[in-house]
Amino acid sequence: MAYLVNNNGECVTDLSVSVDAGETWIPFYQNAEPQRVVKSYNKFTLDPEYDGSAVIGGWPVLGSGSLTKSFNGLHGRVHFPLPTEVINKADVRIRVRYFEPGDAWWIAIDNIVVDDVTAPVGAVVVLDEKFEGGIPPSWKTTTSGANSWGTQPARDADGNFYRRFTFKDVDDNDVIQYVNIDLIREGASRIAAGTNITAEALLKLDNQSFTDFPDLVNTNPNEGKLDGRFIMSLAGGNYAIRSDSRELSEINELDTPSMNLTDATSVFLSFDSEALPYTPSTRYEVQISTNGGETFDQVFSYMRALLDLGESASFTRHHIELPQAAGKANVIVRFHAEGGDASARGFWVIDNVSVTANKSAASPIQVTAAPGLGGKVDLTWIGGQGPFALQKKVKLSDDWATVTTVGGRAASVNAEGATGFFRVIEGAAAR
């Protein structure tokens, strides 16, 4: 699905289902284009009964990462859980509406599937990263220039935010203002600087908030509009971000740690993504390596054919199956960002990255012991998944002690006294 939101658009999108032949409709996804908030306030000043959010039951919540109500567009395969009202109904219909247009763009939908299968996720969590403490040391960042993946929006050489707006002051002079592309963080910095806004008003964005805090209209300095070129769905949280460089050929990459998936029968990648490419040179891709980073293959890309560059960011939780990773011992997922624009306005934000897997049922371990040379005991076993920890104790009342860790299925250990007890532990417990 590709839903391109105009950065200063005003229209509404509504995806709903009906269980009564179209008599009534239950929404499961709604969108208000960003400038509709300001349009609502402008109309409210003339008509105090008007509320532009009423048609969707209230505005989307900034920073909520909501997959049911948003200011952002959509890009890629989207999994919408349908309301429970559709279960066991004989006449279910789905409707897509795009209405009250104001300088709107488009929605493109294809390959619609309705089933009872949830988004593809494995039963075992292999990797789960929320970037709460920044980018972990076990993740690898590489760059061909001065920019890089990080946890704060990039700044220029003078310490200013890369995003820059020019607007007119009261004397019609051009004023340059540098802003944080995270809308909640930008609001917080303005509150700290004495601007008459509250954090509650920034999140609510309702008519009363605009009435009580007129400076809220100009929270974004782009001609007094709530503009879609900000981070909104993931705003205010912890995330990894690549802000576009001014170098059109710069490459920035973020790699997960290597993952051993030798016992996996299927592998899945999930992540939240808010992205705004700005120029034709920009590429945001997910790649995978099954040989420890020697080579990478593309598994997802923001398709330029379905994007109008420099409009509003798209936000989606992506679920991608990685069949090439199953059974491999050295798997790396890479977030590859390439290109930029002269004003460094684009960005790619990711969060809640998880790799999950389904694994084959482990066969039981069967151990065989035989006297060895030099007072040792030779142990061999079948079943289980390596690596293995060989443990022993002299008396049943003793604690188990790990003697050695091996990748194969054989080991020799010293025998102590007339009796001894041995066991083999597989997999994660052996690491």
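The values are calculated or read from the model by the stated rules, or taken from the named source; none is laboratory data. Predicted model only: the values in this text are computed from it and were never measured. Positions of Cβ are generated from backbone atoms using ideal geometry, with glycine treated the same way; all protein chains shown enter the neighbour counts.
In this structure, does ALA389 turn out to be over 28 Å from ILE288 (Cβ atoms), within 41 Å of the chain's Cα centre (by Cα) and outside any loop (DSSP other than H, G, I, E, B)?
So ALA389 fits the description; yes.
Please verify whether the range 312-322 includes one or more residues that are among the hydroxyl-bearing types (Ser, Thr, Tyr) and surrounded by fewer than 20 Cβ atoms within 10 Å (Cβ to Cβ).
No, the conditions are met nowhere in the range 312-322.
Of all residues being in contact with a strand residue (DSSP E or B) (Cβ under 8 Å, 6 or more places away or on another chain) and not in a strand (DSSP E or B) in the range 331-362, which is surrounded by the most Cβ atoms within 10 Å (Cβ to Cβ)? Just the residue, please.
Among those that are in contact with a strand residue (DSSP E or B) (Cβ under 8 Å, 6 or more places away or on another chain) and not in a strand (DSSP E or B), it is GLY346.
Please work out which residue is modelled with the lowest pLDDT, limiting yourself to the range 413-431 and to residues that are surrounded by fewer than 15 Cβ atoms within 10 Å (Cβ to Cβ) and either in contact with a strand residue (DSSP E or B) (Cβ under 9 Å, 6 or more places away or on another chain) or closer than 22 Å to MET259 by Cβ (or both).
Restricting to residues being surrounded by fewer than 15 Cβ atoms within 10 Å (Cβ to Cβ) and either in contact with a strand residue (DSSP E or B) (Cβ under 9 Å, 6 or more places away or on another chain) or closer than 22 Å to MET259 by Cβ (or both), the top hit is ARG431.
Condition first: in contact (Cβ under 8 Å) with a residue 24 or more places away in the chain and over 30 Å from the mean Cα position of the chain (by Cα). Now tell me which residues in the range 196-214 satisfy that.
If the condition is that a residue be in contact (Cβ under 8 Å) with a residue 24 or more places away in the chain and over 30 Å from the mean Cα position of the chain (by Cα), then ASN207, PHE210, THR211 are the ones that fit.
Suppose we filter the range 39-91 for residues that are basic (Lys, Arg) and part of a loop (DSSP other than H, G, I, E, B); how many remain?
Residues in the range 39-91 being basic (Lys, Arg) and part of a loop (DSSP other than H, G, I, E, B): 2 in total.
Only one of these is out of contact with any Asp or Glu (no Cβ under 8 Å at 6 or more places or on another chain), in contact (Cβ under 8 Å) with a residue 24 or more places away in the chain, assigned by TED's automatic domain parsing to the domain that holds TRP25 and under 19 Å from SER16 (Cβ atoms): GLY76, GLY57. Name it.
When all the criteria are applied, what remains is GLY57.
Is it the case that PRO257 is in contact with a helix residue (DSSP H, G or I) (Cβ under 8 Å, 6 or more places away or on another chain), of a type outside the set (Ser, Thr, Tyr) and in the same structural domain as ARG334 (by TED's automatic domain parsing)?
no
Kindly provide the set of residues from the range 92-101 that are assigned to a loop (DSSP other than H, G, I, E, B) and more than 30 Å from GLU311 (Cα to Cα), ordered by number.
Across the range 92-101, the qualifying residue is only VAL92.
For every residue, the table says whether it meets (1) over 24 Å from PHE315 (Cα atoms); (2) among the polar types (S, T, N, Q); (3) surrounded by 17 or more Cβ atoms within 10 Å (Cβ to Cβ).
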{"site": "PHE213", "(1), (2), (3)": "yes, no, yes"}
{"site": "THR219", "(1), (2), (3)": "no, yes, yes"}
{"site": "MET232", "(1), (2), (3)": "no, no, yes"}
{"site": "GLY236", "(1), (2), (3)": "no, no, yes"}
{"site": "ALA240", "(1), (2), (3)": "no, no, yes"}
{"site": "GLU253", "(1), (2), (3)": "no, no, yes"}
{"site": "THR262", "(1), (2), (3)": "yes, yes, no"}
{"site": "PHE271", "(1), (2), (3)": "no, no, yes"}
{"site": "THR295", "(1), (2), (3)": "yes, yes, no"}
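Collect the residues in the range 185-210 that are among the hydroxyl-bearing types (Ser, Thr, Tyr), modelled with pLDDT of 90 or more and in a helix (DSSP H, G or I), keeping them in residue-number order.
Listed by number, the list holds a single entry, SER209.
Look through the range 127-169, keep the residues that are modelled with pLDDT under 75 and aliphatic (A, V, I, L, M), and return whichever of them is surrounded by the most Cβ atoms within 10 Å (Cβ to Cβ).
That would be ALA154.
Looking only at residues that are among the aromatic types (Phe, Trp, Tyr) and modelled with pLDDT of 95 or more in the range 268-296, which one is nearest to ASP244 (Cα to Cα)?
Here the residue is PHE271.
Condition check: more than 26 Å from ALA357 (Cα to Cα), in the same structural domain as PRO137 (by TED's automatic domain parsing) and surrounded by 20 or more Cβ atoms within 10 Å (Cβ to Cβ). Does LEU248 satisfy that?
no
Quick grid of which residues meet (1) in contact with a Cys (Cβ under 6 Å, 6 or more places away or on another chain); (2) basic (Lys, Arg); (3) in the same structural domain as ASP272 (by TED's automatic domain parsing); (4) within 28 Å of TYR50 (Cα to Cα):
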residue	(1), (2), (3), (4)
LYS168	no, yes, no, no
VAL179	no, no, no, no
ASP182	no, no, no, no
MET232	no, no, no, yes
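Please pick out the residue among ALA370, ALA342 that is within 30 Å of LEU307 (Cβ to Cβ) and either small (Gly, Ala, Ser) or in contact with a helix residue (DSSP H, G or I) (Cβ under 9 Å, 6 or more places away or on another chain) (or both).
From the options ALA370, ALA342, the qualifying one is ALA342.
Give the residue, chosen from LEU67, LEU82, that is of a type in the set (A, V, I, L, M, F, W, C), closer than 30 Å to ASP308 by Cβ and under 19 Å from the mean Cα position of the chain (by Cα).
Matching residue, one of LEU67, LEU82: LEU67.
Residues that are more than 21 Å from PHE347 (Cα to Cα): find the strands (runs of 3 or more DSSP E) completely inside the range 246-303 holding 2 or more of those.
Passing ranges, in order: 264-276, 283-289.
Going residue by residue through the range 107-125, is there one that turns out to be farther than 29 Å from ALA32 by Cα, surrounded by 12 or more Cβ atoms within 10 Å (Cβ to Cβ) and either of a type outside the set (Val, Ile, Thr) or touching a helix residue (DSSP H, G or I) at 6+ places or on another chain (Cβ under 9 Å) (or both)?
Within the range 107-125 (the criterion being farther than 29 Å from ALA32 by Cα, surrounded by 12 or more Cβ atoms within 10 Å (Cβ to Cβ) and either of a type outside the set (Val, Ile, Thr) or touching a helix residue (DSSP H, G or I) at 6+ places or on another chain (Cβ under 9 Å) (or both)), the answer is yes, since at least one residue qualifies.
Run ILE26 past the list (1) buried (at least 19 other Cβ atoms within 10 Å of the Cβ); (2) farther than 23 Å from ASP182 by Cα and report the number of the one that doesn't hold.
All conditions pass for ILE26, except number (1).
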